[in-house]
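The values are calculated or read from the model by the stated rules, or taken from the named source; none is laboratory data. Note that the structure is predicted; figures quoted are calculated from it, not measured. As a convention, Cβ positions derive from the backbone with ideal geometry for all residues, glycine included, and neighbour counts pool all protein chains shown.
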Amino acid sequence: MRLEQLAYFVKIADTRSLTAASTELFISQQALSTSIKNLESEFHTQFFVRTPRGMALSNDGKYFYEIAVQILDLSKKLYSHFSPDDMPSPGSLKIAINKKNKNHFFPKIISWFYKEYPQYNIIYDVIEKKNIINAVLEEKVDLGVISLLKIDKKFVSPLPEELTFIPFHFSDYVLLTSLHSPLANLHTISMETIIKYPVILAGESDLTNDLFYQLVTHYASSPDIIWADSFDLQTQMVADNIGNCFSVRKDAPSSNLVCKIPITNHILIVNGFLMPSASPKNPLRDFFIEKSKGIIAKDN
């Protein structure tokens with residue numbers, strides 16, 4: 001039995017769902033299921049009973065839950081007492097993040113914190129990007145995670161002065177176009193040329209909140225935009241020479257259907273942490289930022 005297993009067990013019991021627990025923990029359902037089966041095998045009992053309303057605790061599961069919560073609370077006290085002076089006290093950190101960043105950056109971070117620092121409870125709210133700024137300003141969360149568009153070294157939508165932005169990842173882009181496109185023979189291309197052709201966008205429910213929409217409308221007041229509801233559809237439409245799209249330079253696909261063209265304009269999408277400039281000192285928040293930046297740097 002490990003503290004990590006107890007934390008998984010408690011999360012499943014609290015959510016009454018393997019799917020919900022898997023989503024919140026950024027761990028596969030199979031890994032969670034295996035963890036619980038190993039616990040049940042170790043203690044020779046069954047902790048959960050499947051019901052129409054979700055996963056319910058058996059009688060043994062209820063007893064195990066009470067003890068598991070106590071053990072986790074006691075472990076936090078031990079960590080607090082014996083941790084080095086530069087380690088934050090056990091506690092919770094609430095983060096506002098949008099779906100795209102949650103799926104891209106957070107799985108390794110959250111899973112790593114659960115494994116290495118079970119004394120810290122990382123809570124996150126998945127909300128639209130446009131609402132993250134307000135959530136941070138109104139101090140409804142301790143930290144925000146947001147993406148900003150930068151053109152020629154200037155942010156297109158500057159943040160309020162009351163906020164501090166801490167970058168942790170930069171992405172530059174190329175244009176993807178069909179091999180049958182009139183652009184296919186170009187060695188480089190400018191945004192001024194790109195906007196003369198249809199641009200295919202995908203990945204956001206709110207078009208005006210999409211960073212690539214902001215990019216295109218920065219260069220044209222009425223661009224020809226085609227909306228695709230998935231990245232697979234977007235790529236297929238490019239291959240079929242319906243329009244062009246943007247792709248991260250290092251992740252741009254190589255195929256016999258599309259080609260990538262470097263963009264001459266200096267364009268970056270910057271991902272970073274957001275917090276109030278005048279907020280009280282928060283050691284756990286600072287610790288989380290430091291460790292997260294290290295994990296993201298190793299992953300890229």
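For this structure, a couple of remarks:
- Residues considered: 287, 246. Of these, the only one that is aromatic (Phe, Trp, Tyr) and part of a helix (DSSP H, G or I) is 287.
- Scanning region 3-16 for residues that are more than 19 Å from residue 108 (Cα to Cα) and either in a helix (DSSP H, G or I) or in contact with a helix residue (DSSP H, G or I) (Cβ under 9 Å, 6 or more places away or on another chain) (or both) turns up 6, 9, 10, 12, 13, 14, 15.
- Within the set 242, 269, the sole residue that is of a type in the set (A, V, I, L, M, F, W, C) and modelled with pLDDT of 95 or more turns out to be 242.
- Pair list, Cβ < 6 Å and 6+ apart or interchain, from region 1-21 residues that are within 15 Å of residue 54 (Cα to Cα) and buried (at least 16 other Cβ atoms within 10 Å of the Cβ) to residues that are modelled with pLDDT of 90 or more and hydrophobic (A, V, I, L, M, F, W, C): 9/68; 10/68; 13/57; 21/12
- Filter result for residue 208 (assigned to a helix (DSSP H, G or I), among the polar types (S, T, N, Q) and modelled with pLDDT under 90): yes
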